[in-house]
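Here is the structure we will look at.
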Amino acid sequence: MEVYLVGGAVRDELLGLPVTERDWCVVGATPGELKAAGYRQVGKDFPVFLHPRTGEEYALARTERKTGPGYHGFSFHASPDVTIEDDLRRRDLTVNAMARDSNGLLVDPFGGRKDLEQRVLRHVSDSFAEDPVRILRVAKFAARFAPLGFRLAEETSALMASMVENGEACELVPDRVWKECEAALACARPAVFFDVLRQCGALAVVFPEIDALFGVPQPEQWHPEIDCGVHSMMVLEQAAALSPDVDVRFAALVHDLGKAETPRNKLPSHPGHERRSVRLIKSMSSRMPIPTACRDLALVVAEFHGHCHKAFELRPSTVLKVLERTDAFRRRERFDKFLLACEADSRGRTGFEQRPYPQANYFSEALEAAAAVSARDVLREGMEGAQIGVALRRGRLQAISRFKSDYQGEAAN
């Protein structure tokens, strides 16, 4: 029996990155032998075991054969005669198809180390085309390693495009699409994920609402980049720079979905796009398992980002309405994320990337002023029920009015 360190641990070690998880491949052993040694089997589709002390995953070397459509259509063969080279051959990218033996010797039958040095993401073999999930995984790796200068090999891009043309991407299920998307949103350059999917045609299949934004114009006066799809990617990049939180990044990504459905006779303006964006986000969330936190933040950003941009023009009553509708008094942390997404939207325009966004501080300070008013401050003898709520709202409105007046006075000075 020979044990090899495989996959991402080998890749990241060679890149000088922290290794947070180790996977192992066992050659020359049977399930019975591993169980007898104290390993606990957890894999149902193929033999994967947990080490009795470390809890790390040890998988028997295996080969696989395509038996049906989609990523479930495979049969696996694991036996002592499967070599480490056989096991590595079934992997997606050459940079993920390397191993180290027990002596630390690198096993690299497909040139993964060279591709690492040249910063290339390249598929191992044509069997790549048998699993549509690999389209998503490659896009995710491209997003993760973009800061290191990685690019997609031309032949891999072409293969992914042919997979989409052949209908393989249609076999992707929403759960898996979101899982890979969520991981990509947490990467350093999440917009690269969607760019790679768009280049091969998969974006129109898995996220048609986002793909539809490309080619839709906006007023050049406010959006020098003009294209709504380009703007959405720029906003996502700005959100990634402002916050590591996936919910902020997702809200930034989908805040303008409704612009794709603007009637042609209204272009390049987009009246009512906020309402349409809310509807499309709800539809997307019903199709795939988007976490509640992501969905809810996206909905308030889609509906109220325009109000945030116009903060200084709003009447105190409108400021209070936004605070109430976004549930800012009870969910301050989410409101802070709302402001971050709005700032990303403002900066996600050509030439605006470094512009300050004082509207965020304005809304934050308005919230603090209003929140300082408590029911105790406005209670009158004999008040009860709805009267208390009316009085509290009146007190908050007065606090925001005073804040606005003081703010404008300081600005004038």
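The values are calculated or read from the model by the stated rules, or taken from the named source; none is laboratory data. Just so it is clear, the model here is predicted, and its values are computed rather than measured. With ideal geometry, Cβ positions are generated from the backbone for all residues, glycine too; neighbour counts draw on all protein chains shown.
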### Message
Tell me whether segment 78-94 contains one or more residues that are among the basic types (Lys, Arg), under 29 Å from Ser286 (Cα atoms) and not in a strand (DSSP E or B).
### Response
no
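Which residue, of Val192, Val138, is in a helix (DSSP H, G or I) and under 11 Å from the mean Cα position of the chain (by Cα)?
Result of the check over Val192, Val138: Val192.
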### Query
What are the residues in segment 22-55 that are among the hydrophobic types (A, V, I, L, M, F, W, C) and in a strand (DSSP E or B), if any?
Trp24, Cys25, Val26, Val27, Val48, Phe49, Leu50
#### Entry: Of all residues in segment 95-135 being assigned to a loop (DSSP other than H, G, I, E, B) and without any contact (Cβ under 8 Å) to a residue 12 or more places away in the chain, the one that is farthest from Asp12 (Cα to Cα)
Asn103
### Task
Please verify whether segment 102-120 includes one or more residues that are buried (at least 17 other Cβ atoms within 10 Å of the Cβ) and polar (S, T, N, Q).
no
### In segment 212-236, residue surrounded by the fewest Cβ atoms within 10 Å (Cβ to Cβ) [restricted to those that are charged (D, E, K, R) and either touching an Asp or Glu at 6+ places or on another chain (Cβ under 7 Å) or more than 20 Å from Ala202 (Cβ to Cβ) (or both)]
Glu220
### Query
Can you tell me which residues in segment 278-321 are of a type in the set (Phe, Trp, Tyr) and within 17 Å of the chain's Cα centre (by Cα)?
none
### Message
Cβ-Cβ under 7 Å, sequence separation 6+ or interchain: first residue in segment 146-163 and assigned by TED's automatic domain parsing to the domain that holds Gln199 and within 21 Å of Cys187 (Cα to Cα), partner of a type in the set (S, T, N, Q) and modelled with pLDDT of 95 or more. Which pairs?
### Response
Ser157/Gln199
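Applying the selection to segment 241-260, what residues are assigned to a helix (DSSP H, G or I), within 15 Å of Ser346 (Cβ to Cβ) and either among the small types (Gly, Ala, Ser) or in contact with an Asp or Glu (Cβ under 8 Å, 6 or more places away or on another chain) (or both)?
Of all residues in segment 241-260, those assigned to a helix (DSSP H, G or I) come to 241-242, 246-254, 257-260.
Of the ones still in play, those that are also within 15 Å of Ser346 (Cβ to Cβ) are 241-242, 248, 251-252.
Within segment 241-260, Ala241, Leu242, Ala251, Ala252 meet the criteria.
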### Query
Hey, Leu367 hits all of (1) outside the structural domain of Leu320 (by TED's automatic domain parsing); (2) closer than 15 Å to Thr318 by Cα; (3) not β-branched (Val, Ile, Thr) but one; which does it fall short on?
(1)
### Query
For segment 18-36, how many residues meet the condition of being farther than 16 Å from Gly55 by Cα and surrounded by 14 or more Cβ atoms within 10 Å (Cβ to Cβ)?
6
### Message
If I filter segment 343-363 for residues that are at positive phi and in the same structural domain as Val254 (by TED's automatic domain parsing), do I get at least one hit?
### Response
yes
